[in-house]
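As structure tokens, the structure follows; a few thoughts come after it.
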Amino acid sequence: MNFLSSKISIGRVSKYFGRGSAQIRALADIELDVQENEFVTLVGASGCGKSTLLRILGGLETIDEGAVRVDGQPIEGPGVERAMVFQHYSLYPWLTVRENIQFSRRLKTNRRDQTESTVEVASGRADALLRSMGLTHVEHSYPNQLSGGMQQRVAIARALQGRPSILLMDEPFGALDAQTREVMHDLILHVHGLEKTTIVFVTHDVEEAIYLGHRVVLMAPRPGRIDTIYDVPLPARRDPDMKLSPAFIALKREILARIRETSGMKTDLDMLEQLTRTAV
Amino acid sequence: MSTTEHASRGKLLAPRVPARTHSPPLWAVRGEISRHTYLAFALAGLIVPLLAWWALARSGFANPTFLPGPGAVVQRLASWWTDDGLAQDIGISVYRVVGGWALSAVIALPLGLLIGTFRPVQAMLEPLTDFIRYMPAVAFIPLVMLWIGIDEGSKIAIIFIGTFFQMVLMIAENVRAVPIAQIEAAQTMGATREELVRLVIFPSSKPAILDTLRITMGWAWTYLVVAELVAANSGLGYAILKAQRYLQTDRIFGGILLIGLIGLLIDQAFRLVHRLCFGKWMTRR
């Protein structure tokens, strides 16, 4: 892939946590290019550094080696063109749904060139997001009065308010029940089609990763690294029935097996096997 | 099925006896009880000790000089009010407690915010504060008298010493309890450090800080008697101390009960403010 044309380009990135003998290599030589308007999902066993990598893209973590470029420019801290959606507790409970979505308007960065017309545009943007997220009827409610799924929709709407070109999602549906999660999947695919954003999505749910992603990046722990990158052999337009297609299931089986192999849980599996054998 | 039918019809039609629902078991672990049951138990919790006190005083088992009955205490409070300036005593004590507490709050609030937000400030101030907070406030009385003298300032200073150091640490803890995701979300939206504190950290920790202020107000009251050891000639704590000299146990009882009552009233006022300010967004569905 061409270095210059990539939306995000991650080149030989390493990251260490801790010092001395306690030091661990959280990320080792990560190489990844993400194209404009691509939907990339990151999966892997816990401790593989997928969240750390996402936080690096968000500007919330620094790197120790290598380079990360967005539109050819190195990342220097958080930026409004890279919006982030967290798993939970990121909404402001003292603000209404609408105020949460328009929170960025309170910040100087966005007020600097604020004229009457941009304010109008921003509030029109909030209206549109409230509509497309199905939140219009709760715009004056407070987050605590909403279900978990609704709260995440607010978080997504808030992230989209500033028209980011990249949306970084850190297990955004991890705390939701299975039914709500399925609804959110189609919602986020809809958003992706509509907004033409590039999405990097971290999850521990392999099915979610395949259903949403154009590519699934499988990471492995100790040290955190990219193990395999899978192209998802499904049509660009996804629908829930595809989760039962042979291609989907085959890929899911392959990825799950690979996660098991790389997770370092092998000793646990051996132990379990031994236990069942002695039980008989 | 029939209960929902009753309920919906009951809403539409004129007042009618609500369908009897099964009341939950009273002693369920963490079980809910109705408001009525709660009030009944709360009243019992207050009335039973009062009756026990009255019965003990009446029984002649205890010397009334050392254990006056409720009647004697009420009488003493009445005469204290009419002849002995109870109102002034209450006024000056409230002034000292609220003064010392407010002074603490004014300084502890910004310091706590800084300690809870910035690690270097935490490193610089928290161990020190932790150290000082174990020093007994009473032991500072001689120093305070030497430094500040024996007027109102010294009484306020004692209450300040008693509450301030706890308050700082608690506010810092409240600030640290703000979910990191709230802070990082604002960072990714382009918030500056000052905006993070003003628009996220402070509003997010406000309810917890108000609770801290309420709790430390209670502690400030416990330092009142100590503060009025310092060359006072008025106030509830002073009156209690003086009553000991004249064996006026009824006045001691009255003074202690009054301090408790005033504390309870202030506590309820804080809770009301909390509900008014934050109830709207803190209640879950």
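The values are calculated or read from the model by the stated rules, or taken from the named source; none is laboratory data. Just so you know, these numbers come straight off a predicted model, no measurement behind them. Positions of Cβ are generated from backbone atoms using ideal geometry, with glycine treated the same way; all protein chains shown enter the neighbour counts.
Within the stretch A:79-91, the set of residues being in contact (Cβ under 8 Å) with a residue 24 or more places away in the chain and facing chain B (nearest Cβ under 8 Å) comprises A:VAL80, A:ARG82, A:ALA83, A:MET84, A:PHE86, A:GLN87, A:HIS88, A:SER90, A:LEU91. The sole residue among B:ALA191, B:ALA186, B:ALA123, B:ALA139 that is assigned to a helix (DSSP H, G or I), within 14 Å of another protein chain (Cβ to nearest Cβ), more than 23 Å from the chain's Cα centre (by Cα) and aliphatic (A, V, I, L, M) is B:ALA186.
Residue by residue, here is whether (1) buried (at least 19 other Cβ atoms within 10 Å of the Cβ); (2) within 11 Å of another protein chain (Cβ to nearest Cβ); (3) in contact with a helix residue (DSSP H, G or I) (Cβ under 7 Å, 6 or more places away or on another chain); (4) part of a helix (DSSP H, G or I) holds:
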{"position": "A:LEU57", "(1), (2), (3), (4)": "yes, yes, no, yes"}
{"position": "A:PRO93", "(1), (2), (3), (4)": "yes, yes, yes, no"}
{"position": "A:ASN100", "(1), (2), (3), (4)": "yes, yes, yes, yes"}
{"position": "A:VAL119", "(1), (2), (3), (4)": "no, no, no, yes"}
{"position": "A:LEU130", "(1), (2), (3), (4)": "yes, no, yes, yes"}
{"position": "A:SER141", "(1), (2), (3), (4)": "no, yes, yes, no"}
{"position": "A:GLN152", "(1), (2), (3), (4)": "yes, no, yes, yes"}
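Among the candidates A:VAL85, A:VAL80, A:VAL70, the residue that is within 22 Å of the chain's Cα centre (by Cα), under 19 Å from B:MET189 (Cβ atoms), among the β-branched types (Val, Ile, Thr) and surrounded by 22 or more Cβ atoms within 10 Å (Cβ to Cβ) is uniquely A:VAL85.
Taking every residue in the stretch A:176-195 that is farther than 15 Å from A:TYR211 by Cα and pairing it with any residue that is of a type in the set (D, E, K, R) and not in a helix (DSSP H, G or I), at least 6 positions away or on another chain, the pairs with Cβ-Cβ distances below 8 Å are A:GLU195/A:ARG163.
On the stretch given as the stretch B:221-263, residues that are small (Gly, Ala, Ser), surrounded by 19 or more Cβ atoms within 10 Å (Cβ to Cβ) and either in a helix (DSSP H, G or I) or modelled with pLDDT of 90 or more (or both) total 7. Evaluating A:ALA45 against the criteria (1) touching a Ser or Thr at 6+ places or on another chain (Cβ under 8 Å); (2) among the hydrophobic types (A, V, I, L, M, F, W, C); (3) modelled with pLDDT of 90 or more leaves one unmet condition, (3). For the stretch B:47-86, the set of residues classified as surrounded by fewer than 11 Cβ atoms within 10 Å (Cβ to Cβ), outside any loop (DSSP other than H, G, I, E, B) and either in the same structural domain as B:ARG245 (by TED's automatic domain parsing) or in contact (Cβ under 8 Å) with a residue 40 or more places away in the chain (or both) consists of B:THR82, B:ASP83, listed by residue number. State whether one or more residues within the stretch B:198-211 are in contact with a Lys or Arg (Cβ under 6 Å, 6 or more places away or on another chain) and free of Cβ contacts under 8 Å to residues at least 40 places away in the same chain. Checking the stretch B:198-211: at least one residue is in contact with a Lys or Arg (Cβ under 6 Å, 6 or more places away or on another chain) and free of Cβ contacts under 8 Å to residues at least 40 places away in the same chain. Within the stretch A:198-237, the set of residues being of a type in the set (Ser, Thr, Tyr) and surrounded by fewer than 16 Cβ atoms within 10 Å (Cβ to Cβ) comprises just one member, A:THR228. Any residue that is surrounded by fewer than 22 Cβ atoms within 10 Å (Cβ to Cβ), of a type in the set (S, T, N, Q) and more than 18 Å from A:LEU95 (Cβ to Cβ) - is there at least one of those in the stretch B:199-214? Within the stretch B:199-214, not a single residue is surrounded by fewer than 22 Cβ atoms within 10 Å (Cβ to Cβ), of a type in the set (S, T, N, Q) and more than 18 Å from A:LEU95 (Cβ to Cβ). The residues listed here are A:ALA122, A:ALA157, A:ALA175, A:ALA128; of these, the one that is touching a His at 6+ places or on another chain (Cβ under 6 Å) and over 20 Å from B:MET282 (Cα atoms) is A:ALA175.
In this structure, B:PRO207 qualifies as under 20 Å from B:HIS274 (Cα atoms), at pLDDT 95 or above and touching a His at 6+ places or on another chain (Cβ under 7 Å).
The sole residue among B:LEU169, B:LEU199 that is within 14 Å of chain A (Cβ to nearest Cβ) and among the hydrophobic types (A, V, I, L, M, F, W, C) is B:LEU199.
A single entry from A:ARG222, A:ARG260, A:ARG215 fulfils the requirement of being closer than 30 Å to A:ARG25 by Cβ, of a type in the set (Lys, Arg) and in contact with a Gly (Cβ under 7 Å, 6 or more places away or on another chain): A:ARG222. Being among the aromatic types (Phe, Trp, Tyr) and either modelled with pLDDT of 95 or more or touching a Pro at 6+ places or on another chain (Cβ under 7 Å) (or both) is true of A:PHE39. Listed conditions (1) out of contact with any Lys or Arg (no Cβ under 8 Å at 6 or more places or on another chain); (2) of a type in the set (D, E, K, R); (3) closer than 23 Å to B:GLY279 by Cα are all met by A:ARG158, apart from (3). Looking at A:LEU256, A:LEU160, just one residue is within 14 Å of another protein chain (Cβ to nearest Cβ) and in a helix (DSSP H, G or I), and that residue is A:LEU160. State the number of residues belonging to the stretch A:238-280 that are exposed (fewer than 10 other Cβ atoms within 10 Å of the Cβ) and at pLDDT 90 or above. Qualifying residue count, the stretch A:238-280: 3.
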